[in-house]
1. Could you please find all residues in the range 135-149 being open to solvent by 60 Å² or more (accessible area, probe 1.4 Å), at pLDDT 85 or above and not aromatic (Phe, Trp, Tyr)?
2. If you go through the range 76-96 one residue at a time, do you hit one that is open to solvent by 50 Å² or more (accessible area, probe 1.4 Å), over 30 Å from TYR140 (Cα atoms) and touching a strand residue (DSSP E or B) at 6+ places or on another chain (Cβ under 8 Å)?
3. What single numbered condition from (1) at pLDDT 90 or above; (2) surrounded by 13 or more Cβ atoms within 10 Å (Cβ to Cβ); (3) assigned to a strand (DSSP E or B) fails to hold for LEU9?
4. So HIS2 clears everything in (1) in contact (Cβ under 8 Å) with a residue 40 or more places away in the chain; (2) out of contact with any Leu (no Cβ under 7 Å at 6 or more places or on another chain); (3) surrounded by 15 or more Cβ atoms within 10 Å (Cβ to Cβ) except one condition, right? Which one?
5. Can you tell me how many residues in the range 228-257 are open to solvent by 100 Å² or more (accessible area, probe 1.4 Å) and farther than 20 Å from ILE178 by Cα?
6. Go through the range 175-204 residue by residue and tally those that are open to solvent by less than 80 Å² (accessible area, probe 1.4 Å), of a type outside the set (Phe, Trp, Tyr) and in contact with a helix residue (DSSP H, G or I) (Cβ under 8 Å, 6 or more places away or on another chain).
7. Can you tell me how many residues within the range 175-226 are within 23 Å of LEU79 (Cβ to Cβ) and hydroxyl-bearing (Ser, Thr, Tyr)?
8. Would you check which residues across the range 16-28 are assigned to a strand (DSSP E or B) and open to solvent by 80 Å² or more (accessible area, probe 1.4 Å) and list them?
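The values are calculated or read from the model by the stated rules, or taken from the named source; none is laboratory data. Because the structure is a prediction, the values reported are computed rather than measured. Don't worry about glycine lacking a Cβ; one is built from the backbone with ideal geometry, like all the others, and counts go over all protein chains shown. Accessible surface is based on the protein model in full, side chains and every heavy atom, while ligands, DNA and RNA are left aside. Shrake-Rupley method; radii C 1.70, N 1.55, O 1.52, S 1.80 Å.
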Amino acid sequence: NHLIFSPRLGISFPVTERSKFYFNYGHFRSNPPYSTMYLYRYRYDKNGVYEMSNPNLEPPKTISYEMGLAYEMFYNIILTASGYYKDVSGQTGDINYINSSGTVDYERWDNNNYEDIEGLEINITKNDNSWITGWFNFNYMLRKSGYTGRATISDATIDEELVGLYQASESRFLPKPILNTNITFSTPNSFASNSFLNAILSNFRFTVFAEWSAGDYFTYDPLQKRTISSNMQWPDYFMVDLRLGKTFDLLGLTTTL
């Protein structure tokens, strides 16, 4: 059992009748994946156990800071710009235990990973009953990660780079821009003066949701140098969803198709 204190603080104060500054601070904890706490894996050879869970894992901790500005640019159009930083510690990662003869070779989970995340987020929203509503979000994130101790433990020095006193495997800050937008076009209840045209053209909703993000980074190290980290990147990801709906009365019930 873990007794955890997670303080949160939020401050917001107006600058003008159309703008405000705000600051958020908080500690956040999450449960480790249950597979890292209660799952054991065996192989039917001389090594036996090759993955060992750890029921004493602590909940990873994130300390988050955010400072931003909200500004009403036009009627019902709000611009929000904020900068943030997240200090993530105690994330779960595995440690390889191996001996020089090779009769022992297994991995055990521990709270030995960390992340530093910082970035800038810009958000534009329009929420009213007009023809066009929705939001636009751009997030430029910088992330780096590493170990807080050894990644491999052995009874003998097999490789200085692998089982040295400290092997952080720290990555450099890598950019991860993400763009999301959700725009809805809708027609009102009374779209046309003609009753027949109004029944056909009113109460339509057409929504476009688009998402783009830069590709994730990964390590390609065919020569096993172990000094290379996140030197390759997957292609960018792009996706668009469309949704068309119409609301009408059917047998006294309001129905949406």
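1. Across the range 135-149, the qualifying residue is only ARG143.
2. no
3. Result: LEU9 passes all but (2).
4. Unmet for HIS2, out of (1) in contact (Cβ under 8 Å) with a residue 40 or more places away in the chain; (2) out of contact with any Leu (no Cβ under 7 Å at 6 or more places or on another chain); (3) surrounded by 15 or more Cβ atoms within 10 Å (Cβ to Cβ): (3).
5. 7
6. 2
7. 5
8. In the first step, residues of the range 16-28 are kept if they are assigned to a strand (DSSP E or B); the result is 16, 19-28.
The answer is LYS20, PHE21, PHE28.
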